[in-house]
Amino acid sequence: MWAELLPVGRSASSGGYRRFAWNSADAECRAWFEQQARSRGLTYELDRNGNQWAWLGDPNGQGAVVTGSHLDSVPDGGAFDGPLGVVSSFAALDELRARGTELTKPLAIVNFGDEEGARFGVACIGSRLTAGVLSREAAYELRDIDGQRLPDAMEKAGYDPTAIGADDDRLARIGAFVELHVEQGRCLAEGQPVGVAGAIWPHGRWRFDFHGEANHAGTTRIEDRRDPMLTYANTVLAARKKAKLAGALATFGKVAVEPNGTNAIASLVRGWLDSRAADERTLTELVAEIERAAAERGERDGVRVELTRESYTPVVDFDGPLRDRLAKLLDAPVLPTGAGHDAGILASAIPTAMLFVRNPTGVSHSPAEHAEQADCLAGVAALADVLEDLACQ
């Protein structure tokens, strides 16, 4: 399974992956998921939001145990973030069958769409829609960098966007969701190969629009310029400094410039901030400080600054009894994480938990992301133990 997925959406130049929502690589991943489901005799289903499901047992039964993750990537991302959870889910099911396990509850494997938000700017779109965290109306307003609307992209890829929205009936049939994921840090580096998630830091994405004045790079005097690139650059530096002082995280990882000419002063710079902190108060104060720093610098540069919050996820404490049950079952450490996941989105609606597989370097969202095969297999065994424990009682 792993070898089949490795080449899909991989850039020959960077070695990273470009599996974005509703593009050709995403379609290949979806076809792979459906083939894996059907080859095992599972009931394949596509829900109203484009998420893929593979069922062992009655899809309409109650108390279902669900596992899975996502198959899309960030721009030039690694091979493990998302796909490891989906591949491990199918492998864990194979392990349960090899053991002769007889389940008493329906079991499902899911591939949630557009978890990374690389195309439309909002993370976990598939699970947000399902949980009602993202409304149909808001989803219809989402556009990619080329101006294409989310529903148009879905329709172009062969899916019906008219039905998207909250899926309360589906969630009501789920008793627990357990997502396996490569660790995006090094808490497990010197310890056990598998850990259990405790909580997810609050996090969000904000778009800064720096409005200046386009002009000639070779003839406009320095004192006559209203250059938004200067304000943007100073805001990036201020964000780093203020995040360090707050013990939090702030990253400008995406930027768009207009008119984007080498010999032209920009008229507009858009920079996207990703910020995370251990608690919501710290995060709110940090973003406010970054906004103030941008506005103060903008006054000096003759640049107008606008801030738009594009997405936000409050602190997520995973279901306590479920978390403790898995930690005891696996004799595994409980870890915090600063990364968002579909499990975090669903946590407000159903009991959810996460397993982490050791990442020796801690590198993620990069082609260098890696986990050793022995640790991945340990993750499969742990997930199989968890599914057996939850779906056989």
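The values are calculated or read from the model by the stated rules, or taken from the named source; none is laboratory data. Since the model is a prediction, treat every value here as computed from it, not as a measurement. Reconstructed Cβ throughout: ideal geometry from the backbone, glycine too, with neighbour counts over all protein chains shown. Accessible surface areas use protein heavy atoms only, side chains included; no ligands, DNA or RNA. Shrake-Rupley method; radii C 1.70, N 1.55, O 1.52, S 1.80 Å.
Send over a whole-number figure in Å² for the accessible area per residue of segment 241-328, probe 1.4 Å. That works out to 58 Å² per residue. One Cα centroid belongs to segment 145-215, the other to segment 310-377; the line between them spans 14 Å.
Relative to the longest principal axis of the Cα atoms of the chain, the long axis of helix 83-99 makes an angle of roughly 0 degrees. With contacts taken as Cα pairs under 8 Å and at least 6 residues apart, segment 77-232 reaches a relative contact order of 19 percent. Cα-based radius of gyration for segment 256-317, normalised by 2.2 N^0.38 Å, reads 1.41. State the percentage of accessible surface on segment 233-366 attributable to carbon and sulfur atoms; use a 1.4 Å probe and exclude ligands, DNA and RNA. Taking all protein chains in place, segment 233-366 shows 49 percent carbon and sulfur surface.
Using alpha carbons only, the radius of gyration of segment 195-353 set against its Kirkwood radius gives Rg/Rh = 1.15.
With every protein chain left in place, what is the accessible area per residue of segment 94-135 in square angstrom, probe 1.4 Å?
Values: 1340 Å² over 42 residues.
Solvent-accessible surface per residue comes out at 32 Å².
Between the helical axis of 24-39 and the longest alpha-carbon principal axis of the chain there is an angle of about 10 degrees. When Rg and the Kirkwood Rh are both derived from Cα coordinates, the Rg/Rh ratio for segment 226-281 amounts to 1.09. Placing one equal scatterer on every Cα of segment 90-236 and applying the Debye formula, the log10 ratio I(q)/I(0) at q = 0.12, 0.13, 0.18 Å⁻¹ is -0.82, -0.91, -1.22. Kirkwood analysis of the Cα pair distances in segment 141-197 returns a hydrodynamic radius of 15.7 Å.
Placing pseudo-labels 7 Å out from each Cα toward the beta carbon at Asp224 and Arg143 gives an inter-label distance of 3.3 nm.
Between the Cα long axis of helix 280-301 and the first principal axis of the chain there is an angle of about 20°, rounded to the nearest 10.
When both segment 35-93 and segment 245-298 are represented by their alpha-carbon centers, they are found 35 Å apart.
Starting from the Cα gyration tensor of segment 152-238, multiply each eigenvalue by 5, take the square root, and state the resulting semi-axes largest first in whole Å. Kindly include the intermediate steps, with their values, before the conclusion.
Numbers: eigenvalues 405, 151, 32 Å².
Output for segment 152-238: semi-axes of 45, 27, 13 Å.
Using every pair of distinct Cα positions in segment 1-55, the Kirkwood expression returns a hydrodynamic radius of 12.2 angstrom.
Just from its helices, what would the mean residue ellipticity at 222 nm be for the chain, if runs of 4 or more DSSP H residues each count -39500 (n - 2.57) and the sum is divided by every residue, rounded to the nearest 500 deg cm²/dmol? Provide the component values of the computation, followed by the final result.
Numbers: 12 runs with 137 residues, N = 393.
Mean residue ellipticity at 222 nm (helix-derived): -10500 deg cm²/dmol.
Computed from the C-alpha gyration tensor, the three semi-axes of the ellipsoid equivalent to the chain are 40, 23, 19 Å, from longest to shortest.
Mind ranking 337-350, 228-241 by how tightly packed they are, going by the mean number of other C-beta atoms within 10 angstrom, highest first?
Those peptides, ordered most packed to least, come out 337-350, 228-241.
Using Cα pairs under 8 angstrom and six or more residues apart, how large is the relative contact order of the chain, in percent?
On the way: 874 pairs, mean separation 88.5, N = 393.
Reported relative contact order: 23 percent.
Per the Kirkwood formula on distinct C-alpha pairs, the Rh of segment 52-94 is how many angstrom?
Working: mean 1/r = 0.0843 Å⁻¹.
Hydrodynamic radius (Kirkwood, Cα only) of segment 52-94 equals 11.9 Å.
Comparing Arg128, Arg221, Arg323 in a Gaussian network model of the chain where C-alpha atoms under 10 Å apart are linked, the largest mean-square fluctuation is found at Arg221. Ignoring lysines fewer than eight residues from Lys328 along the same chain, the ones with Cα atoms less than 25 angstrom from its Cα are Lys105.
Solvent-free Debye calculation, one equal scatterer per alpha-carbon of segment 1-118: log10 I(q)/I(0) at 0.11, 0.13, 0.18 Å⁻¹ equals -0.36, -0.49, -0.89.
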